[in-house]
Every structure is written in structure tokens, then in C-alpha cells.
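Novice: Please read through the structure below; I'll follow up with questions.
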Amino acid sequence: MAVPAVIVVFTSPPEDPSGGQAIAFAAGLLVVAMIGSIIAAIALAAIGAESELTPNLTPGIMYAAVAVVIALVDIVAAFEILAFLALPHARLLLLLITGAAGFLGVFFTALALGDSLATHPTHSPDYQDWKKTEWITSQGHADRAALRVTAIGVLPVIAGTVCRVRGLRLPDGTAAANTIILTGLALTVTATVASALRTGHPGTVPSRGPRPWEAHATTLITSTYTAFVLLLLP
């Protein structure tokens with residue numbers, strides 16, 4: 001979706017010269033989305049190719065989800081910018097969809113915690129000792145953790161959406177647009193690399209499952225990023 005959108009952006013320049021800045025913003029978001037979609041797909045394919053379930057796959061998935069959510073948010077945000085130029089009446093709808101994309105991204109990222117118990121090495125002779133070092137120790141704990149991480153993670157994107165609906169936004173400009181674009185790219189690359197490193201196998205010792213800071217970091221990063229994108233959209 002990002003590739004044809006980039007083509008449309010560059011082949012349909014706005015008649016108003018002041019729209020050039022908005023077009024550049026949209027193009028930057030779409031390029032980040034394209035890069036994020038590709039490398040996140042590779043990261044998730046690598047996880048899917050694992051021969052057996054191991055505890056470190058859950059945080060690996062959550063890191064890869066950061067790139068997926070940023071790509072999704074950037075695509076919808078780019079269409080909001082195009083609506084600003086061509087379909088002003090659709091701007092509010094696309095703003096709400098952008099916020100919803102960030103909200104759902106947090107939700108589905110946190111859902112990985114709910115299935116984390118299935119990756120526990122229950123057949124390992126040292127399982128009980130290993131389990132004492134883990135954050136998630138039961139299915140009930142996993143479900144509660146997923147709900148708690150979701151509830152905390154969605155706060156920034158909800159705040160950003162409410163601010164935009166009420167007409168509040170950050171000052172725009174080339175510097176602000178470039179900053180959010182480069183931030184999205186940096187977060188995408190960093191999260192994908194973290195996913196690859198997190199899914200590494202330590203050898204004969206069972207790998208570590210998700211840690212609380214990893215769960216909160218992956219959801220709050222995407223939620224906060226979405227909030228800033230919303231506040232910078234025209």
C-alpha cells in the first residue's frame with residue numbers, strides 16, 4: 001500500500017504551493033512505513049521459522065510489532081495528510097482512524113503476553129527453578145499482564161486523539177516533520193534489531209521470557225509515537 005501511495009504523492013503535486021511541505025511529510029511517512037513493513041515481515045518470518053516454541057519468542061514478537069504498528073500508523077497518517085489537501089471533510093475521520101490504528105497496535109502487541117505460557121520449557125528438568133525467575137508464571141497472570149499492559153499502553157494515544165479532536169496540535173514545520181519521520185525510522189530499525197537479538201538461543205540453558213519493562217516499553221513507544229504523529233498532522 002505504501003509504494004503506490006508514494007507514487008501518487010509524487011505524481012500528483014498540489015496546486016497550492018504551500019502544500020509542498022505537507023506532501024513531503026506524507027512521503028516521508030510512507031517511506032518509513034514501506035521500510036518498516038519489509039523488515040518487520042522478515043523479523044516475523046524468522047520467528048515463524050523457529051522449530052520449537054521458546055520463551056524468548058514472545059518478547060521477540062513484541063519488538064517486531066513495534067515496526068508493524070509504526071508502519072500502519074504512518075500509512076494512515078499519510079492518507080490524513082492527503083485528505084488535508086484534497087478532501088478536507090475526511091480529515092477528522094482519518095485522524096480517528098490513525099488513533100485507532102495506534103490503539104489496536106498496542107492491544108495486539110500486548111496480546112502476545114496472553115500466549116506466553118505456551119512457550120515455557122515445561123519438560124526441562126530445571127523448569128521449577130527457571131520459573132521462579134520469570135515474570136509470567138501462570139495463565140491467569142499472563143492474561144492479567146496483557147490487560148494491564150494494554151490499559152497503560154493506550155493512554156498516550158488516547159490523549160493525543162482527544163487533543164486533536166479538540167483542535168489542539170503541536171506547531172508544524174519542516175523540522176518537526178523531519179524529526180518525527182527520523183524518529184519513526186530509528187524506532188523501526190532499533191525494534192527490529194532488538195527482535196532479532198532477543199530471539200537468539202543461549203545454548204543448553206532455557207531462554208528468558210518477557211520482562212515487564214519490555215512489555216511496557218514496546219507498547220508505550222508505539223502509543224507515544226502515534227500521539228506525536230497525531231499532534232503534528234495538518
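The values are calculated or read from the model by the stated rules, or taken from the named source; none is laboratory data. From a predicted model like this one, the values you see are computed outputs, not experimental measurements. Cβ placement follows ideal geometry from the backbone for every residue including glycine, while neighbour counts extend to all protein chains displayed.
Novice: For Val149, are the conditions met, namely being modelled with pLDDT of 95 or more, exposed (fewer than 14 other Cβ atoms within 10 Å of the Cβ), among the hydrophobic types (A, V, I, L, M, F, W, C) and part of a helix (DSSP H, G or I)?
Specialist: No: the conditions fail for Val149.
Novice: If you don't mind, there's one more thing I want to ask. State all residues of segment 119-146 that are among the small types (Gly, Ala, Ser) and modelled with pLDDT under 85; if no residue qualifies, say none.
Specialist: The answer is Ser124, and nothing else.
Novice: Out of (1) modelled with pLDDT of 80 or more; (2) closer than 15 Å to Val76 by Cβ; (3) surrounded by fewer than 18 Cβ atoms within 10 Å (Cβ to Cβ), what's the single condition that is false for Ser37?
Specialist: (3)
Novice: Considering Gly167, Gly153, which residue is out of contact with any helix residue (DSSP H, G or I) (no Cβ under 9 Å at 6 or more places or on another chain) and of a type outside the set (Val, Ile, Thr)?
Specialist: Checking each option against the conditions leaves just Gly167.
Novice: Related question: Consider Gly184 carefully, then state whether it is in contact (Cβ under 8 Å) with a residue 60 or more places away in the chain and not in a helix (DSSP H, G or I).
Specialist: Taking the combined requirement at face value, the residue does not satisfy it.
Novice: Further question: In segment 93-122, what residues are polar (S, T, N, Q) and either within 16 Å of the chain's Cα centre (by Cα) or buried (at least 16 other Cβ atoms within 10 Å of the Cβ) (or both)?
Specialist: Matches in segment 93-122: Thr98, Thr109, Ser116, Thr119.
Novice: Here is a follow-up. Assess whether Gly140 counts as being in a helix (DSSP H, G or I) and surrounded by 15 or more Cβ atoms within 10 Å (Cβ to Cβ).
Specialist: no
Novice: Test each condition in (1) crowded, with 18+ Cβ neighbours inside 10 Å; (2) out of contact with any Ser or Thr (no Cβ under 7 Å at 6 or more places or on another chain); (3) at pLDDT below 90 for Thr54 and report the one that comes out false.
Specialist: It fails just one condition, (2).
Novice: State which residue pairs qualify: first residue touching a residue at least 24 places away in the same chain (Cβ under 8 Å) and outside any loop (DSSP other than H, G, I, E, B) and inside segment 154-170, second residue of a type in the set (S, T, N, Q) and surrounded by 16 or more Cβ atoms within 10 Å (Cβ to Cβ) in any location, beta carbons under 6 Å apart, and separation of 6 or more residues or different chains.
Specialist: Listed pairs, sorted by first residue: Pro156/Ser223; Pro156/Thr224; Val157/Ser223; Val157/Thr226.
Novice: Follow-up question, since we're still on this one. Hey, can you tell me all the residues within segment 211-234 that are surrounded by fewer than 24 Cβ atoms within 10 Å (Cβ to Cβ), hydrophobic (A, V, I, L, M, F, W, C) and either in contact (Cβ under 8 Å) with a residue 24 or more places away in the chain or part of a loop (DSSP other than H, G, I, E, B) (or both)?
Specialist: Leu220, Ile221, Ala227, Phe228, Leu231, Leu232 - these are the residues of segment 211-234 that are surrounded by fewer than 24 Cβ atoms within 10 Å (Cβ to Cβ), hydrophobic (A, V, I, L, M, F, W, C) and either in contact (Cβ under 8 Å) with a residue 24 or more places away in the chain or part of a loop (DSSP other than H, G, I, E, B) (or both).
Novice: Let me ask something additional. Just to be sure I understand, how many residues within segment 113-126 are free of Cβ contacts under 8 Å to residues at least 60 places away in the same chain and either in a helix (DSSP H, G or I) or within 21 Å of Gly60 (Cα to Cα) (or both)?
Specialist: Summing the residues that are free of Cβ contacts under 8 Å to residues at least 60 places away in the same chain and either in a helix (DSSP H, G or I) or within 21 Å of Gly60 (Cα to Cα) (or both) in segment 113-126 gives 4.
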